[in-house]
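The values are calculated or read from the model by the stated rules, or taken from the named source; none is laboratory data. Values in this document were obtained by computation on a predicted structure and should not be read as measured data. No Cβ is skipped: glycine too gets one built from the backbone with ideal geometry, and neighbour counts run over all protein chains shown.
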Amino acid sequence: MDVLQDVDYLISGGYVLTMVDGTPPLRDSALAVKDGKIVAIGDEKAMAGMYNPKTTIGGPTKAVLPGLINAHTHAAMVYFRGIADDLPLKEWLEGHIWPAEGKWLSEEFVGDATILACCEMLKAGITTYKDMYFFGDSSARAAKKMGMRAVLGAGVLDFPTSAARDADGHIAKAEIFIKDWLGDDLITPSIAPHAPYTCSPETYKKVKQVADRYGILLHTHLSETQFEVNQITKRYGKPPVELLEEIGCLDKNVVAAHCVWVSDNEIELLAKRNTGVAHCLESNLKLASGIAPVVSMLKKGVTVALGTDGAASNNDLDIFSEMAFAARIHKAISADPTAINARTALDMATTSGARVLGMEDKFGTLQAGKSADIVIVDLNKPHLTPFYDIYSLIVYTMKSSDVESVLVNGKLLVDGGKCLQCDEQEIMDKAVWWKNKIVAGKDV
């Protein structure tokens, strides 16, 4: 009799979506997980005869898929959710968000808010997020406490913030943060110049030198509004993407958020330089910034992932919703019902997200040897019955509330829809406490 191999988990599903190119959904299959890694994937009955798990989860009415990836957000801005709505970006940012950040941002604020954001994201099946903000150590400690995988961008601007007085100050603090967190198993540091209209070309060059020195990502907002493009073109004689190309700040280690107002030539540049794009459709719609030409980007070979942006401009952190919007809206604006099909939308939320972050060798697909970043969803619900195609079901019908279990790095963080890493009521009470403090202290 063969000796069974001990593993931590055996995760079964009526459907297992590996998201490996050319691989169809696996029926009645299972994954073995040990020491944070996927050991094997195969027929459920065969796997049960090979492995001895400490814990068995999933079942025939479940679907198993890679953890979702939020490729652009500002997690701690969850405490500013709804503070200033129904405004254009410039007025929203300069008249409300920046003053609020100047008054309230601190190590404590960012840490508390990030805990809430991680709870929201984990319960929505997001296992990795790419952040751009300040007080990176607080963000990192909070994300690590929640067991979440995070790529944290230390914010850089040319003007004073609560974190530093000028660009050089921001860069100096960013470098300390990068050195402190390089090599962590869950937290990956990066550097994040805000945008071409808030950071000069000289600042971008300095930031890129830091990014190259440490082999990390440069994460920036790019061509988000027509106002930005017009302003940058007037100031420098070329639009934002062309400007970054000219100063040597476009390559595969750059994550460009938004890219709403980009020309055909700029799309060609993004593709040529293998620069990843984080598509934040709901935020762009709400701020009336426009709709990025994602169909053209995909046709020209640009890797496009999905991001929520911050909860102050979305107003949630829900990649299921982003998938549904992206798959629908791009059909309408391109007058092509085949544009961004369901399989492509799910790819943008998983595999392409990992590729944009330069981490496709670690996660983004379910394969032996990769990190066990796994989501289990419950298919046994009225709104999910019946169905004919699992990709269509996930993208067009499924809600984040259908997420049942989430593992990151082989650790169960959500079970039965409940976050195991925190007291949910306690962190919601803390959020209300901060909201009351902000309301009482803000100018009226």
Exactly one condition in (1) more than 15 Å from residue 66 (Cα to Cα); (2) touching a strand residue (DSSP E or B) at 6+ places or on another chain (Cβ under 6 Å); (3) among the aromatic types (Phe, Trp, Tyr) is not met by residue 433; state its number. (2)
Out of 70, 52, I need the residue that is touching a residue at least 24 places away in the same chain (Cβ under 8 Å) and under 30 Å from residue 154 (Cα atoms). Which one? 70
Within the stretch 279-287, is even one residue surrounded by fewer than 19 Cβ atoms within 10 Å (Cβ to Cβ), touching a Pro at 6+ places or on another chain (Cβ under 9 Å) and not hydrophobic (A, V, I, L, M, F, W, C)? no
Within the group 150, 154, 195, 142, which residue is in a helix (DSSP H, G or I) and among the aliphatic types (A, V, I, L, M)? 142
Can you tell me how many residues within the stretch 339-391 are within 26 Å of residue 36 (Cβ to Cβ) and among the polar types (S, T, N, Q)? 6
Could you list, in sequence order, all residues of the stretch 199-208 that are buried (at least 18 other Cβ atoms within 10 Å of the Cβ) and not in a helix (DSSP H, G or I)? 199
Would you be able to say whether some residue in the stretch 346-358 is assigned to a strand (DSSP E or B) and either polar (S, T, N, Q) or more than 19 Å from residue 305 (Cβ to Cβ) (or both)? no
Scan 262, 210, 229, 277 and give me the residue that is among the β-branched types (Val, Ile, Thr) and over 18 Å from residue 291 (Cα atoms). 210
Could you tell me whether the stretch 385-398 includes any residue that is assigned by TED's automatic domain parsing to the domain that holds residue 11, under 15 Å from residue 67 (Cβ atoms) and touching a strand residue (DSSP E or B) at 6+ places or on another chain (Cβ under 6 Å)? no
How many of the residues making up the stretch 139-198 are surrounded by fewer than 17 Cβ atoms within 10 Å (Cβ to Cβ), over 23 Å from the mean Cα position of the chain (by Cα) and not charged (D, E, K, R)? 6
Please give the number of the condition residue 167 fails out of (1) aliphatic (A, V, I, L, M); (2) within 30 Å of residue 409 (Cβ to Cβ); (3) at pLDDT 95 or above. (2)
Contacts under 9 angstrom Cβ, first residue in the stretch 352-369 being crowded, with 24+ Cβ neighbours inside 10 Å and of a type in the set (S, T, N, Q), partner at pLDDT 95 or above and part of a loop (DSSP other than H, G, I, E, B), 6 or more apart: 352/303; 352/360; 352/364
Are any residues in the stretch 1-20 free of Cβ contacts under 8 Å to residues at least 60 places away in the same chain and either in a loop (DSSP other than H, G, I, E, B) or not β-branched (Val, Ile, Thr) (or both), and if so, which ones? 1, 2, 3, 4, 5, 6, 10, 12
If you go through the stretch 211-226 one residue at a time, do you hit one that is acidic (Asp, Glu) and assigned to a loop (DSSP other than H, G, I, E, B)? yes
